[in-house]
Amino acid sequence: MDVGRRAVVMAAALAAAGSLPDPHALAAPAAGPRPPAAWFGDEIRRIPTTRKIVALTFNAAWDEAGIETVLTELRRRKLAATFFPTGRFAESRPAAVRAMAAAHGLGNHSHTHPYFDDLTTGERSREVQRADTAIRRASGAEPLPLFRFPYSATAPDSIADVNDLGYAAIEFTQDTNGYLGPQGGMSVDRAVQRAVDALAPGAILQMHVGSNGDGVVLDALALPRIIDAAQRQGYEIIDLRTLLTRD
């Protein structure tokens, strides 16, 4: 990692914040498990492997209508997923974030869910660091050095900025689009089919734990069928935490 660029990023973050950020938030990516070196420099939309593995991931930025259903199903199956809450979600729903962290890894989905293309380097840094602090406080756990861009709006400069903070940019092979809900033209059947169509070695599936304002969380309802379909095709549901390294 370029030391000079890191210094620029951190200086910009301090200027944007107007004060020293939480030192634990800054140290976290370097102190704990780290992404493999190959995960830096670009967004990751598929785990680089030939193994029949698939990762389940869930974003959390709105309500928590589907969390209990999702967590119950994962617990019943003895499977782990990765959750990407925003900082504001963590601040407003700390009990939900603690429940996620009890058995699953927590990534970082920014603090306020903005378009990162519209931000400066300092503003991007502040978004990531404020979210990290909020997630730590809510969960009492060590967040993973994995960042997911709001709206999946990635760009080389934005990726470089989050990489310089120690985070890999983890996107997805396929979004089920369940978050659109029935009012957005989606159904459980369509969400399941989108997931099944994307199955391939190293696939990363993106789902959401919130509703589209009507309380219906299609991804929560689709989850058992998605898991069944993947396992019938010989796929292993893997935990992204097992792919991190301390080397």
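Things worth noting here:
- Residue count for the range 185-209 under the criterion of being free of Cβ contacts under 8 Å to residues at least 40 places away in the same chain and under 16 Å from I238 (Cβ atoms): the result is 2.
- Contact map, the range 230-241: first residue buried (at least 18 other Cβ atoms within 10 Å of the Cβ), second residue assigned to a helix (DSSP H, G or I) and modelled with pLDDT of 95 or more, Cβ cut-off under 8 Å, separation 6 or more or different chains; pairs are A230/A195; A230/V196; I237/R77; I237/I227; I237/A230; I237/Q231.
- Any hit, the range 54-70, residues being closer than 15 Å to I170 by Cβ and among the small types (G, A, S): yes
- Flag for T69 being touching a residue at least 24 places away in the same chain (Cβ under 8 Å), polar (S, T, N, Q) and part of a strand (DSSP E or B): no
- Close Cβ contacts (under 6 Å, 6 or more residues apart or on different chains) running from residues in the range 171-184 that are acidic (D, E) to residues that are assigned to a loop (DSSP other than H, G, I, E, B) and modelled with pLDDT of 95 or more comprise E171/E43; E171/R45.
The values are calculated or read from the model by the stated rules, or taken from the named source; none is laboratory data. These numbers come from a predicted model, not from an experiment. Ideal geometry is used to build each Cβ from the backbone, glycine not excepted, and the neighbour counts take in all protein chains shown.
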